[in-house]
1. Give the residues of region 81-119 that are assigned to a loop (DSSP other than H, G, I, E, B), among the β-branched types (V, I, T) and surrounded by 19 or more Cβ atoms within 10 Å (Cβ to Cβ), sorted by residue number.
2. Within region 81-109, track down each residue that is within 15 Å of ligand 1 (Cβ to nearest atom) and farther than 23 Å from G24 by Cα.
3. Quick one: which of L78, L34 is within 16 Å of ligand 1 (Cβ to nearest atom), surrounded by fewer than 16 Cβ atoms within 10 Å (Cβ to Cβ) and over 16 Å from L170 (Cα atoms)?
4. Would you tally the residues in region 120-149 being away from ligand 1 (no atom under 12 Å from the Cβ) and either outside any strand (DSSP E or B) or closer than 21 Å to E72 by Cβ (or both)?
5. Checking the condition within 10 Å of the chain's Cα centre (by Cα), part of a helix (DSSP H, G or I) and closer than 22 Å to G24 by Cβ, which residue from W181, W193, W161 passes?
6. Going by what's in this entry, would R29 be described as more than 29 Å from D191 (Cα to Cα) and exposed (fewer than 15 other Cβ atoms within 10 Å of the Cβ)?
7. Across region 147-201, what is the total count of residues that are touching a Pro at 6+ places or on another chain (Cβ under 6 Å) and not hydrophobic (A, V, I, L, M, F, W, C)?
8. Select from region 73-109 the residues that are at positive phi and without any contact (Cβ under 8 Å) to a residue 40 or more places away in the chain and list them in ascending order.
Amino acid sequence: MTVFSPGFSGRPDRGAGKSGIPPGQYVTREFPVLSAGPTPLISLDAWRLELKGDRGFARSWTWDEFRALDAEEVTADLHCVTRWSKLGTRWTGLPVEALLAEMEVDSEFVIASSYGGYTTNLPLVDLLDGKAWVVFEYEGRAIEPEHGGPARLLVPHLYLWKSAKWLRGLRLQARDEPGFWEALGYHNYGDPWREQRHWRD
Ligand SMILES: Nc1nc2c(c(=O)[nH]1)N[C@H]1C(S)=C(S)[C@@H](COP(=O)(O)O)O[C@H]1N2
Ligand SMILES: [Mo]
């Protein structure tokens with residue numbers, strides 16, 4: 001069992017993994033929009049971020065509560081499985097581990113779920129230690145709805161489909177379970193450096 005304490009995070013060299021261009025990717029300066037459905041419009045009054053943990057542990061934040069937490073700036077390279085990469089994007093958000101403060105954790109897997117119904121699965125360790133954020137600003141401004149605003153997950157060391165837009169909740173669970181694209185044949189883990197695009201890669 002791990003208990004997350006405030007101050008758990010804070011490596012000085014928080015960055016977003018390897019630099020360079022993963023195999024099979026090309027660099028674009030555009031910021032394409034890739035959404036499996038329509039863009040949900042979420043009012044900040046109604047917005048909640050919900051965390052479901054082990055042993056019935058649950059927490060939720062209103063927008064004001066979430067924005068009152070200590071955010072940090074992140075510069076990250078984005079790699080989409082459709083082969084575009086966008087380098088040096090700047091975001092503001094909270095490290096996921098900050099949201100887990102005081103929570104007792106036995107589970108190894110997480111399902112991220114979005115307003116609109118999208119889901120994606122990740123190992124919990126891939127969300128910790130300066131590897132993942134819940135971001136609410138892109139290049140110094142509120143994230144455009146098409147790109148996942150009010151808030152999206154940012155997990156830049158994995159293909160971008162793991163970075164759930166319009167994030168609504170994170171659920172910890174003992175067993176892994178494929179999310180939306182993973183169930184349709186995308187790789188369960190999605191490491192761009194190993195070209196884990198599809199389930200047989
Ligand atoms: N909720 C939700 N999140 C999502 C998606 C989606 O369809 N719905 N698409 C994923 C995919 S496949 C990619 S490549 C990125 C695209 O992010 P962008 O539209 O900001 O470029 O979002 C990911 N997150
Ligand atoms: Mo994608």
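Any read-out appearing in this document is the output of simple, stated calculations on the displayed coordinates, not a laboratory observation. Predicted model, so just to flag it, every value in this text is computed and none were measured. When we count neighbours, we look across all protein chains shown, and the Cβ atoms used for this are built from the backbone with ideal geometry, even at glycine.
1. Within region 81-119, just V81 meets the criteria.
2. Passing the criteria: R90, W91, G93.
3. Among L78, L34, only L34 is within 16 Å of ligand 1 (Cβ to nearest atom), surrounded by fewer than 16 Cβ atoms within 10 Å (Cβ to Cβ) and over 16 Å from L170 (Cα atoms).
4. 18
5. Details: W181 fails: within 10 Å of the chain's Cα centre (by Cα); W193 fails: within 10 Å of the chain's Cα centre (by Cα).
Checking each option against the conditions leaves just W161.
6. Against the criterion (more than 29 Å from D191 (Cα to Cα) and exposed (fewer than 15 other Cβ atoms within 10 Å of the Cβ)), R29 does not qualify.
7. Qualifying residue count for the region: 3.
8. Matches in region 73-109: G88 only.
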